[in-house]
Amino acid sequence: MILKALKENGDMTISYYENGMLQTFTGRYHDLNLFDQTLCLVNKEKKQMTIHIAGIQQIH
């Protein structure tokens, strides 16, 4: 599911759990680190966010 959503160009909104709280982040795919199991996104303001794949709830 995650890899299928990453092949789309454009912004995506990801809902994920961090420290027990549900968070959301909107941005474009930047990097996928399978060793650390993290996904890196960059938003329009060039803010970079690294999210653990296990914490991802939904990609839309």
Do you know which residues across region 44-60 are surrounded by 14 or more Cβ atoms within 10 Å (Cβ to Cβ) and assigned to a helix (DSSP H, G or I)?
Ile53, Gly55
Would you please list the contacts, defined by Cβ atoms under 6 Å and residues six or more apart or on different chains, that run from a residue in region 44-60 that is at pLDDT below 95 to a residue that is part of a loop (DSSP other than H, G, I, E, B)?
Ile53/Gln37
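Residues are listed down the side, and each one gets a yes or a no for (1) more than 12 Å from Ile51 (Cα to Cα); (2) in contact with a His (Cβ under 8 Å, 6 or more places away or on another chain); (3) open to solvent by 90 Å² or more (accessible area, probe 1.4 Å); (4) small (Gly, Ala, Ser):
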residue	(1), (2), (3), (4)
Tyr17	no, no, yes, no
Thr24	no, no, yes, no
Leu32	no, no, no, no
Thr38	no, yes, no, no
Leu41	no, yes, no, no
Filtering region 10-43 down to residues that are free of Cβ contacts under 8 Å to residues at least 12 places away in the same chain and not in a strand (DSSP E or B) yields Asn19, Gly20, Leu34, Phe35, Asp36
Applying the selection to region 15-37, what residues are modelled with pLDDT of 95 or more and either of a type in the set (Val, Ile, Thr) or more than 16 Å from Leu3 (Cα to Cα) (or both)?
Tyr17, Met21, Leu22, Gln23, Thr24, Phe25, Thr26
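The values are calculated or read from the model by the stated rules, or taken from the named source; none is laboratory data. None of these values were measured; they are calculated from a predicted model. Positions of Cβ are generated from backbone atoms using ideal geometry, with glycine treated the same way; all protein chains shown enter the neighbour counts. Surface accessibility is based on the protein's heavy atoms, side chains included, excluding ligands, DNA and RNA. Shrake-Rupley method; radii C 1.70, N 1.55, O 1.52, S 1.80 Å.
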